[in-house]
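First up is the structure itself, then whatever we jot down about it.
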Amino acid sequence: MRATAGRRPRVPVGGAVRAALVGLAVLLLAACSQVVPGTAVPDAAVSAPPGLETFYGQDLAWGPCAPFAATEEDRQIYADPALQCARMQVPLDYRQPAGRTASIAVLRHAAPPSPDRIGSLVINPGGPGASGIQTAAYLATSLTRTDVGRRFDIVGFDPRGVGASEPAIRCLEGPERDADRRDDDTDASPAGVTQTEAEEQQTVGLCAQRTGADVLANVGTRDVAADMDVLRAALGDPRLTYLGYSYGTRIGSTYAELFPRNVRAMVLDGALDPDQDPTAELIEQGRGFQGAFDAFARDCASRPNCPLGQDPAQTTRAYQDLTRPLISTPLPLPDGRVLSYGDAQQGTINALYVEAYWPRLQRALSDLRAGQGASLMRLADEYYERNPDGTYAPSQDAFEAIRCVDDPRVTDPGQSFARAQAYNEAAPFLDSGRGVSSARDSCAFWPVPPTSQPHVPQVADLSARPLVVSTTGDPATPYQAGVELARALNGALLTKVGDEHTAVFQNSPCVDDIATRYLVDGTLPPPDATCPAT
């Protein structure tokens, strides 16, 4: 089974912070007049908020999943006859339920007929921008013979604008994404800043042109959470049972605030702190990446022929010496492309999420030292979900669009400079050495306003306490964020010792046993519950 952490947050390239950590703010309560926090549905499978009765009462027409496949890999997975897919209709704008609609792709692996069946376990893998139907298909395979698979239908959905859902977010075509990856954005001079910002504005213009401003204005987490309650009702579940990874924890906390009495059980793994400023979150993420890099480097230094040398104190400098020459001289590859400095960083970050990838990263850096960049480029291509034919999954476009409406944006060049400087200090192995740029990222030029802001969710009426899982050395969503989310939701905290991003149903018997007991019968672990490294 592939890792269920979902899309990787994109890291800053050189001195310019081109993308922040996945959005962590939650719903602006007044932004969606048709869905009001605290107003749960009395008979949730039948009743609906005013104006939404047609959507809540729809029957999902289940059929084969083959039409939902975007890649050859998907086609192979979705050929499993145990998987069923459907499309669910939701308002594009909940303030205008009689207007344009969006079509949400849904996949399920049904539990066997049994009086012990509880309902549906709805899953989101993170991102934002990751495919929930793809993740559910993978996860169902490993859960089939477990108590979770026997008691729950495993259900995934592609959030609005993502994957097989329609309309989809579209910004850059394959050749344009390739060019964006090749581009050098480390120049901190006034001319370099002007060039970088012009490119960001061009990308924003393409997003608006190819996607539509009305779609971009309604792809945020506030709307995804509202869609998830429609899904709950369409599945026939009186209350929602949910498993969210990474950015999926934000969807979960938003849902808990919107529909506190509709929650049956909620596992939130790899948490985002909903009250933390996105810039502070970005800096903490940088520290997490540096910590993961240091752990990898120590392991590498203990092995023969480590490309970073045998002195752990010098590995950051050794990595910089390997990658910085790519700024001025990208490395030609056998397929005619070049390994850029940005791709070297992204490939490295991709491997740092999962300890099992460390040997791949060591080999890739050894190849780079020998003048070969294909191995590191493959890691970067996996991050960007580039297909062999040069096309891309739309996840990167969705990532940009969703975070730009989820986060307060940085429009002040001085603040952008300070943020980039703090990031370099937090993650020195990613410092380009070319100075700090004040270039603003695409969100500063986004054509529609944000729809969320950081705050503590108001969940006084929450019908079930969530289970929050946080890993001590998580490189992308630092451990303390899980502590804060559990406190905000009055949830139970499960600590997992390790260096990876997310843990539930990912080969930790301790974590899986606790999560299963909670999902099945609501049993929460004792305070200070901790699972060892695996």
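The table for this structure:
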| item | result |
| --- | --- |
| When residues of the range 99-114 are limited to those that are modelled with pLDDT of 95 or more and in a loop (DSSP other than H, G, I, E, B), the one nearest to GLU385 (Cα to Cα) | ALA110 |
| Test: residue in the range 500-514 that is in contact with a Ser or Thr (Cβ under 7 Å, 6 or more places away or on another chain), open to solvent by less than 40 Å² (accessible area, probe 1.4 Å) and part of a helix (DSSP H, G or I) | no |
| So ILE133, is it assigned to a strand (DSSP E or B) and of a type in the set (A, V, I, L, M) | no |
| Number of positions in the range 285-341 that are in a helix (DSSP H, G or I) and either of a type outside the set (S, T, N, Q) or open to solvent by less than 50 Å² (accessible area, probe 1.4 Å) (or both) | 32 |
| Identity of the residue in the range 481-499, out of contact with any Leu (no Cβ under 7 Å at 6 or more places or on another chain) and not in a loop (DSSP other than H, G, I, E, B), that ends up surrounded by the most Cβ atoms within 10 Å (Cβ to Cβ) | LYS496 |
| Failed condition for ARG337, given (1) under 30 Å from the mean Cα position of the chain (by Cα); (2) without any contact (Cβ under 8 Å) to a residue 24 or more places away in the chain | (2) |
| Residue in the range 114-123 that is more than 25 Å from VAL267 (Cα to Cα), among the hydroxyl-bearing types (Ser, Thr, Tyr) and open to solvent by 10 Å² or more (accessible area, probe 1.4 Å) present | no |
| Residue in the range 407-420 that is touching a Leu at 6+ places or on another chain (Cβ under 8 Å), at pLDDT 95 or above, part of a loop (DSSP other than H, G, I, E, B) and under 26 Å from PRO125 (Cα atoms) present | no |
| Selection status of GLY99, touching a strand residue (DSSP E or B) at 6+ places or on another chain (Cβ under 9 Å) and on the phi > 0 side of the Ramachandran plot | no |
| Within the range 79-98, tally of residues that are hydrophobic (A, V, I, L, M, F, W, C) and either outside any loop (DSSP other than H, G, I, E, B) or under 21 Å from GLY244 (Cα atoms) (or both) | 5 |
| Residue within the range 471-479 that is under 21 Å from the mean Cα position of the chain (by Cα) and assigned to a helix (DSSP H, G or I) present | yes |
| Residue check for ALA351: in contact with a helix residue (DSSP H, G or I) (Cβ under 7 Å, 6 or more places away or on another chain), in a helix (DSSP H, G or I), closer than 22 Å to LEU430 by Cβ and of a type in the set (Gly, Ala, Ser) | yes |
| The range 463-480, residues that are in contact with a Leu (Cβ under 8 Å, 6 or more places away or on another chain) and open to solvent by 70 Å² or more (accessible area, probe 1.4 Å) | ARG465 |
| Those helices (runs of 4 or more DSSP H) lying entirely in the range 163-282 with at least 3 residues open to solvent by less than 10 Å² (accessible area, probe 1.4 Å) | 190-211, 221-234, 247-258 |
| Of the criteria (1) open to solvent by 40 Å² or more (accessible area, probe 1.4 Å); (2) under 30 Å from GLU72 (Cβ atoms); (3) touching a helix residue (DSSP H, G or I) at 6+ places or on another chain (Cβ under 8 Å), which one TYR384 fails | (1) |
| Selection status of ALA234, touching a helix residue (DSSP H, G or I) at 6+ places or on another chain (Cβ under 9 Å), closer than 25 Å to PRO478 by Cα and in contact (Cβ under 8 Å) with a residue 24 or more places away in the chain | no |
| Given (1) modelled with pLDDT under 95; (2) under 16 Å from TYR353 (Cβ atoms), number of the condition ASP273 does not satisfy | (2) |
| Residue match in the range 163-181 (condition: farther than 29 Å from GLN346 by Cα, at pLDDT 95 or above and touching an Asp or Glu at 6+ places or on another chain (Cβ under 8 Å)) | no |
| Pick from the range 432-462, criterion of a type outside the set (Gly, Ala, Ser) and under 30 Å from THR316 (Cα atoms), ranking: surrounded by the fewest Cβ atoms within 10 Å (Cβ to Cβ) | ARG434 |
| Yes/no for ASP321 being of a type in the set (Asp, Glu), at pLDDT below 95 and over 29 Å from the mean Cα position of the chain (by Cα) | no |
| Of all residues in the range 363-381 being open to solvent by 30 Å² or more (accessible area, probe 1.4 Å) and touching a helix residue (DSSP H, G or I) at 6+ places or on another chain (Cβ under 8 Å), the one that is nearest to ASP441 (Cα to Cα) | ARG378 |
| Filter result for ARG145 (surrounded by fewer than 20 Cβ atoms within 10 Å (Cβ to Cβ), part of a loop (DSSP other than H, G, I, E, B) and in contact (Cβ under 8 Å) with a residue 60 or more places away in the chain) | no |
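The values are calculated or read from the model by the stated rules, or taken from the named source; none is laboratory data. The structure displayed is predicted, hence computed values, not measured ones. Backbone-built Cβ (ideal geometry, glycine too); neighbour counts: all protein chains shown. The area values use the complete protein model at the heavy-atom level, side chains included, leaving out ligands, DNA and RNA. Shrake-Rupley method; radii C 1.70, N 1.55, O 1.52, S 1.80 Å.
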